Every structure is written in C-alpha cells, then in structure tokens.
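The values are calculated or read from the model by the stated rules, or taken from the named source; none is laboratory data. As the structure is a prediction and not an experimental result, all values here were calculated from the model. Cβ placement follows ideal geometry from the backbone for every residue including glycine, while neighbour counts extend to all protein chains displayed. The area values use the complete protein model at the heavy-atom level, side chains included, leaving out ligands, DNA and RNA. Shrake-Rupley method; radii C 1.70, N 1.55, O 1.52, S 1.80 Å.
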Amino acid sequence: MTNAPAPAFDAVDIIRAKRDKKQLSADEIKWVINAYTDGTVADYQMAALNMAILLNGMSREEIALWTNAMINTGERMDFSSLHFPTSDKHSTGGVGDKITLPLAPLVSVFDVAVPQLSGRGLGHTGGTLDKLESIKGWRAALTNDEMMRQLDTIGAVICQAGSGLAPADRKLYALRDVTGTVEAIPLIASSIMSKKIAEGTGALVLDVKVGSGAFMKTEEDARTLAQTMVDLGKDAGVRTVALLTNMSTPLGLTVGNALEVRESVDVLAGGGPSDVVDLTVALAVEMLAGAGKDISEDEVRAALKDGRAMDKWRAMIAAQDGDNDAPLPVGKEQQQILAPTSGVLTKLDAYDVGVASWRLGAGRARKDDPVQAGAGIELHAKPGDVVTAGQPLMTLHTDTPERFERALATANTSFEIETDATPTPARLIYDRIS
Ligand code: URA
C-alpha cells in the first residue's frame, strides 16, 4: 500500500454506496480515511458511514483496505534492529483483566521481546496504564529510543502508544464512542489491527473476550471478530492467533488499579488466582510459539514459580522510574457485601462489577478524568464457590465514600446464589482461532 494521493470523491456518494450494501473501492476507502483525518470529511458524514458499515458490514477485502488506509495515516515502528524476535498480545478488554502485567515480563524471560503499547481505561473496563500508574514514580510516556533500549536490555516494555500510530483511529474511535457505532465488527477489527500492525510486532496473540463484561456478548460474534482480526494480521505478515476467553465474570479476585497491580505481583511471586495464572500461561505459550519458540506450559509456569518473571518485572518497572518497594495506594474507605444466603455462587456478572468499580472511582467517564489508584473491588468468592450466609462476598474500596451508594446499587445485584446448584467453575478458554 502506498500513500499516493487518491482521487477526490464525494463523501455523500460513499455513504450512499454503503447504505445500499455496495462494495467500496480501494480508492474510495483511501480517500475517505485521509479526508476524514485531515478534516475534509465532516464528523456527521463519517458518523453516517460508520452506521452504514455497522448495519451492512464490509467484505474481507474492504476491511483490509480500510485497515491499511488507517495505518498509512501515521508512522510505522520497526523492531528489526532488536536482538530478539518480538511478540505482542492484545485483549479486547474486560473487567479485572490485568493479564498484560505478569505476561509481558514472563514472555521476556524466554528471550522474546514484548513491546506493549497500551491505553487508558474508558467506561467499565480498566486501562493498563492507569493500573501501572498506581506504582509510585512509574512513567507511561517513553521516547522511541527509550523503548528500543528497554526492549534490547530487559526485553519487555509496557508504555503509552505514541500519537503517531494510526492517527485516523484516534479520531474515528472518539466519533464511534458517541454515535453508537463502537460495536461494528469491521470497525473494531480495523481499529485494533491498524495499531498493532503499525506497531511492527512480528507475532500477535489476540485475547478476544466473550460475555457481559466484553464488547462481544456472544461466542458467535466474538468468533467472527477473532477470525477477522487473525485474517488481517496474517495478510499483513504478522503471525496472529486468537483465544476466545470468558468475560462473563471478572478475571481474578481484584478489579481496580492498585488492587490489580497487587494481584499481578502475587502471580509473579508464584501465587495468585488460578484463572489469572492459567490465562497468563496460555497466552505466554502462544506468544512464544508465534516468535518461533516451542516452550511448554510447564516451563512457562516454572518461570513464575522460580522468580525469573519477577526479576524481569522489577527491572521493567525500575527502568520506567517506578519504585518497586513503595507501598501501593489503598482506598481510604471500605464497605463489605455479605452473602444473604448459603449456597453456590452461580453468577457474578462482569459488567455489573466493572460498573460498580468504575462508580467507586477506579475508572473515568470522560477521557481526561482522573482515576483513584486505590478504588475498586476485592472479590472473596467466584462462580462455582460454595458460600455461607453472612460471609463477605466482596469489599468495595474508595477514597470518596459518597460513591458507595451508587456502586452498591450495582454490586448488590451483580451476583446470584442458588441453594441446590452443583458447584461448577466457569470455563476460561472457549476456543483458539488461527
Ligand atoms: N479497542 C480498540 O482499540 N478499538 C476498538 O474499536 C475497540 C477496542
């Protein structure tokens, strides 16, 4: 794909074509993306086109062209001078999803470099940078030189994506967010993959979440999204696979920034909840395989148990000015929710827990809102566990107790306890798509 100037088109003709279920040409797609990025196409015209795409879809070829046009609005990174192969992971986002934190240092133990360009949270899902910023002194913004040096010396970096990667996506995503068009599969796939392909990773593992706390509520939609992204990655020469994973209940036992860092450090110390450990290990094995390393699950688990992943984590945090030994912030006020009856916890809804944590101050409603590092929810039971009336089910944390009322309204209806159900833990990984 080149950046040669595309012929001029009329935005209205392109909107009408998609409205009438026609296929857009390469030149039309290139033009509309460039013209939207430079302001020639207005927000209301792009909003209409996005809605037509949401309703009528796009072919595989159109999605690839749309993705390439977005990539070509910005810079591409190049890791070919590194001493290690690169492998990255992207999650479509969920509640309690702190997997990037233990995963990046873990993979780097095996001489595969992990360039994790991450974002902040919006709405009920948390953002990796917000979590790491609860570590005293930790710096999200790195120059390209700092990032390359850290990848070459330590092998793992988690930092803020520079504004030069796929700038069209930033503008488009903000527009989709306020026009009810986030959920269009071609637009999600092109948004995620334009940034990952521009980032220049050699291999990519996608964690496509399914369930109430995810964008994709059904396995069928998640499968379509996963296959679309895997195809885009492969067409661009990136070795790409996807795991479909459960997001109907939160991952692990913590939701909220500092709480999730604490749990990630537990995993790096060889402990932590089994779902977080199992998913971290499964994704690490896939990332390593994508980089040409055939490392078994047992070998990966050993690096969590024997401190090698922890050493990488500490080096990674220190390189970005984080104080590994400073205590993590804790919410100033706590309230517990107790089990109203005895039985089996059959439901703990990811979306509701995510919204409750957000209401406690762990997330933001607008792009520039501050977040509370110590706010969030600790879970004391997970679906499949047997609980006794009066035992704590969750502890809510915040610095601002006036937030408890609205958070409790959601948290109190997030769970179900059944007296005669059989304890069955939730499935974690539904499928692998390559
Ligand atoms: N994440 C992205 O980067 N883009 C989307 O469209 C959805 C999730």
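Applying the selection to the stretch 62-99, what residues are closer than 30 Å to D266 by Cα, open to solvent by less than 10 Å² (accessible area, probe 1.4 Å) and within 16 Å of the ligand (Cβ to nearest atom)? Hits for the stretch 62-99 are D88, K89, G94, V95, I99. Can you tell which of T245, T240 is within 16 Å of the ligand (Cβ to nearest atom), within 30 Å of L328 (Cα to Cα) and touching an Asp or Glu at 6+ places or on another chain (Cβ under 9 Å)? From the options T245, T240, the qualifying one is T245. Kindly indicate whether any position in the stretch 292-303 is of a type outside the set (G, A, S), farther than 30 Å from G237 by Cβ and either surrounded by fewer than 22 Cβ atoms within 10 Å (Cβ to Cβ) or under 24 Å from the mean Cα position of the chain (by Cα) (or both). Yes - at least one qualifying residue is present in the stretch 292-303.
Listed by position, the strands (runs of 3 or more DSSP E) contained in the stretch 307-390 that have at least 1 residues being open to solvent by 10 Å² or more (accessible area, probe 1.4 Å) and within 18 Å of V265 (Cα to Cα) are 376-379.
Within the stretch 327-364, track down each residue that is polar (S, T, N, Q) and within 19 Å of A421 (Cβ to Cβ).
Step one: filter the stretch 327-364 for residues polar (S, T, N, Q), giving 334-336, 341-342, 346, 357.
The answer is T341, S342, T346.
Only one of D169, D177 is in contact (Cβ under 8 Å) with a residue 12 or more places away in the chain, surrounded by 21 or more Cβ atoms within 10 Å (Cβ to Cβ) and within 12 Å of the ligand (Cβ to nearest atom); which? Outline the logic, then answer.
Working: D177 fails: surrounded by 21 or more Cβ atoms within 10 Å (Cβ to Cβ).
It is D169.
Within the stretch 138-163, restricting attention to residues that are in a loop (DSSP other than H, G, I, E, B) and within 16 Å of the ligand (Cβ to nearest atom), the residue that is nearest to Q45 (Cα to Cα) is S163.
The residue that is nearest to R359 (Cα to Cα), counting only those in the stretch 100-137 that are more than 16 Å from the ligand (Cβ to nearest atom) and open to solvent by 20 Å² or more (accessible area, probe 1.4 Å), is E133. Report yes if some residue within the stretch 181-203 is at pLDDT 95 or above, outside any helix (DSSP H, G or I), hydrophobic (A, V, I, L, M, F, W, C) and assigned by TED's automatic domain parsing to the domain that holds L251; otherwise report no. Looking through the stretch 181-203, at least one residue is at pLDDT 95 or above, outside any helix (DSSP H, G or I), hydrophobic (A, V, I, L, M, F, W, C) and assigned by TED's automatic domain parsing to the domain that holds L251.
Mind listing whichever residues of the stretch 312-348 are of a type in the set (G, A, S) and more than 26 Å from the chain's Cα centre (by Cα)? Of everything in the stretch 312-348, those that are of a type in the set (G, A, S) and more than 26 Å from the chain's Cα centre (by Cα) turn out to be A326, A339, S342, G343.
For the stretch 186-202, give me each residue that is within 10 Å of the ligand (Cβ to nearest atom), touching a Ser or Thr at 6+ places or on another chain (Cβ under 6 Å) and of a type in the set (S, T, N, Q). Within the stretch 186-202, S190, S194 meet the criteria. Are any of the residues in the stretch 71-87 in a strand (DSSP E or B) and on the phi < 0 side of the Ramachandran plot? So far as the stretch 71-87 goes, yes, one or more of its residues are in a strand (DSSP E or B) and on the phi < 0 side of the Ramachandran plot. For V205, the conditions (1) farther than 29 Å from P370 by Cα; (2) away from the ligand (no atom under 14 Å from the Cβ); (3) surrounded by fewer than 24 Cβ atoms within 10 Å (Cβ to Cβ) all hold with the exception of (3). The one condition from (1) touching a residue at least 40 places away in the same chain (Cβ under 8 Å); (2) over 30 Å from F415 (Cβ atoms); (3) more than 16 Å from the ligand (Cβ to nearest atom) that V261 does not meet is (2).
I'm trying to understand the selection: among the residues of the stretch 43-61, which are of a type outside the set (A, V, I, L, M) and either in contact with a Gly (Cβ under 6 Å, 6 or more places away or on another chain) or open to solvent by 30 Å² or more (accessible area, probe 1.4 Å) (or both)? Steps first, answer last, please.
Going residue by residue through the stretch 43-61, those that are of a type outside the set (A, V, I, L, M) are 43-45, 50, 56-57, 59-61.
Listed by number, the residues that qualify are D43, Y44, Q45, N56, S59, R60, E61.
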